[in-house]
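Take a look at the structure below.
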Amino acid sequence: MKINYNDLIPNNVGLSDDRRLLRALERWQPAYLNWWNELGPIDTETFQVYLRTAISVESNGWANYGHVHMPDYRWGIFLSPPEPNRKIGFGYHKGEEAWSEVPGEYRTELRRLIVTQGDTEPASVEQQRHLGKTCPSLYDLRNLFQVNVEEGRHLWAMVYLLHAHFGRDGREEADEMLDRHAGDPDKPRILEAFNETTDDWLSFFMFTYFQDRDGKFQLAALSESGFDPLSRTCRFMLTEEAHHMFVGETGIMRIIQRTCELMQKHDSDDVRPFGGIDLLTIQKWINFHYSICLDLFGSEKSTNAANYYSMGLKGRYQEAKINDDHILTNSQTLVPKVEDNKISTEESALLTAINYKLREDYAKDSQRGISRFNKIIRNYAINTELKLPDAAFNRNIGVFKDINCSPDGTILSQSEWQEHRHEWLPSEDDYAFVRSLMVPVIEPGKMASWIAPPKRGIHGLDIDYEYVMFH
Ligand code: BYC
Ligand code: FE
Ligand code: FE
């Protein structure tokens with residue numbers, strides 16, 4: 001379905017036929033734009049950015065590319081096309097028609113899931129708002145803004161569901177999305193990782209590699225939802241998520257490539273004097289970002305997750321491809337436990353281990369890119385491997401939260417942890433060093449000292465294309 005850009009709010013949900021909803025969203029829009037101007041990417045009013053915008057949601061050719069004057073960007077509401085006769089795939093209601101309206105008895109739970117999902121989207125924009133000032137290239141600057149506008153659109157997607165399906169309290173929740181802010185001591189974002197700062201580009205690429213990947217897995221689980229509007233929204237969001245993770249993965253790969261070039265050229269592991277980021281520092285950033293993202297999956301055992309599943313609101317990753325009864329009331333699985341300062345496993349009902357299973361799927365997916373990173377390092381005949389830390393490392397949620405562990409999963413005493421933690425996690429000095437490299441490079445085609453050029457430009461254009469024009 002084509003999207004009508006003559007509308008104030010481009011959409012493929014027939015907004016013009018629903019005057020009340022349209023008016024409600026038009027009332028929310030100025031608050032959103034205020035928020036974007038105050039807490040979105042700073043000082044971009046005059047920028048023209050080569051962006052990809054949705055023009056249709058069909059799988060073949062939904063995207064349109066061109067320079068957009070930032071203040072003219074239009075955030076729209078797009079749902080993937082409905083699947084005819086879609087049935088609920090799991091839980092008590094397995095096999096019933098998918099719901100096009102909110103089932104009254106699950107209203108609170110559904111709203112909570114939508115609010116939690118929605119809250120992360122503007123949070124990420126807030127976290128990344130200063131990065132434009134220190135971009136390593138115009139190519140990267142454009143990718144940052146592409147990610148930011150799409151995260152803004154993801155907020156629109158959740159706000160649409162709240163306005164269209166939850167009446168007054170939905171509208172109130174939509175307003176609150178713009179009241180909470182990343183890192184705000186009084187009104188923080190809901191999930192912890194979305195209150196961290198993202199002040200340097202190594203963190204940005206780690207964010208889009210690890211944190212957007214949580215987005216992929218949570219959206220995939222929500223796209224299984226029996227509530228069809230949520231499912232269709234998430235399916236379209238997932239097409240955008242793939243690009244965010246591409247930005248993260250290729251960004252990290254380019255940094256590693258540059259590091260390896262410098263290591264080879266200077267025959268040294270310490271490439272900091274040559275303007276590169278040493279592999280140990282990259283490993284510390286991996287350790288930090290991966291461990292805070294594991295917290296985003298909640299506790300290993302969760303009755304919330306069991307309820308969401310049984311109610312048919314949130315499924316598992318690729319639910320339909322799993323070969324079981326999709327009801328799970330008689331299934332067991334092993335989950336980690338910590339007892340007497342030892343890590344082992346215990347039996348748990350599979351239903352309460354749904355979050356843990358999703359986290360395991362996430363871990364597997366995260367490892368794929370790490371293996372590709374190591375291939376680059378091997379190609380330079382360098383004898384170092386990057387690794388994901390153990391699930392017990394640096395955790396604040398779940399069974400590991402009260403113990404201290406090394407990245408290989410060995411339990412440490414408090415004093416051992418204090419003594420060694422900065423061998424594994426970024427120290428103030430590490431942050432200061434990485435920040436010292438963050439000087440803007442805005443000449444088309446040029447790259448900062450610490451990152452290799454991308455393999456190719458965007459949408460068939462050259463790497464030295466003027467992806468961002470400043471006036
Ligand atoms: N921080 O039963 P539990 C994205 C709370 S990222 C703070 O173990 P449950 C994006 C929890 O609320 C995807 N609190 O797990 C990426 C509960 O509170 P109550 C975001 C936490 O309930 C990059 C209690 O602890 N989407 O899109 O299943 C850029 C016990 O929880 C945390 C979603 O997350 C935490 N980390 O919750 C832009 C999907 N973890 O009930 C965007 C929607 C748990 O005791 N959310 N708690 O008051 C959910 O499905 C669930 O809320 C969670 C975990 C999976 C997050
Ligand atoms: Fe998002
Ligand atoms: Fe994303």
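Read-outs throughout are calculated quantities, based only on the coordinates presented, and are distinct from any laboratory measurement. Nothing here was measured: the structure is a model prediction, and the numbers come from that model. With ideal geometry, Cβ positions are generated from the backbone for all residues, glycine too; neighbour counts draw on all protein chains shown.
Observations on the model:
- Criterion applied to 240, 173 was being within 13 Å of residue 114 (Cα to Cα), within 14 Å of ligand 1 (Cβ to nearest atom) and either acidic (Asp, Glu) or over 18 Å from the mean Cα position of the chain (by Cα) (or both), and the one residue passing it is 173.
- Taking region 99-194 and the helices (runs of 4 or more DSSP H) fully enclosed by it, the elements with 3 or more residues that are surrounded by fewer than 18 Cβ atoms within 10 Å (Cβ to Cβ) are at 107-127, 167-177.
- Count of residues meeting criterion [under 26 Å from residue 200 (Cα atoms), over 25 Å from the mean Cα position of the chain (by Cα) and among the hydroxyl-bearing types (Ser, Thr, Tyr)] in region 391-448: 2
- Screening residue 225 against (1) assigned to a helix (DSSP H, G or I); (2) buried (at least 22 other Cβ atoms within 10 Å of the Cβ); (3) more than 16 Å from ligand 3 (Cβ to nearest atom) leaves a single unmet condition, (1).
- Near pairs, Cβ below 9 angstrom, 6+ apart or cross-chain, from region 207-223 (under 23 Å from residue 282 (Cβ atoms)) to any residue that is near ligand 2 (Cβ under 10 Å from one of its atoms) and among the aliphatic types (A, V, I, L, M): 208/147; 212/147; 215/237; 215/238; 216/238
- All conditions in (1) within 22 Å of residue 197 (Cα to Cα); (2) of a type in the set (A, V, I, L, M); (3) in contact with a Pro (Cβ under 7 Å, 6 or more places away or on another chain) hold for residue 399, with the sole exception of (1).
- Tally, over region 389-404, of residues that are touching a helix residue (DSSP H, G or I) at 6+ places or on another chain (Cβ under 8 Å) and either surrounded by 20 or more Cβ atoms within 10 Å (Cβ to Cβ) or within 20 Å of residue 370 (Cβ to Cβ) (or both): 7
- Residue 232 part of a helix (DSSP H, G or I), away from ligand 3 (no atom under 15 Å from the Cβ), of a type in the set (Lys, Arg) and crowded, with 20+ Cβ neighbours inside 10 Å: yes
Listed here are the residues, each with its yes/no results for (1) of a type in the set (Asp, Glu); (2) touching a helix residue (DSSP H, G or I) at 6+ places or on another chain (Cβ under 6 Å); (3) without any contact (Cβ under 8 Å) to a residue 40 or more places away in the chain.
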residue: 257; (1), (2), (3): no, yes, no
residue: 265; (1), (2), (3): no, no, yes
residue: 272; (1), (2), (3): no, no, no
residue: 282; (1), (2), (3): no, no, no
residue: 302; (1), (2), (3): no, yes, no
residue: 317; (1), (2), (3): no, yes, no
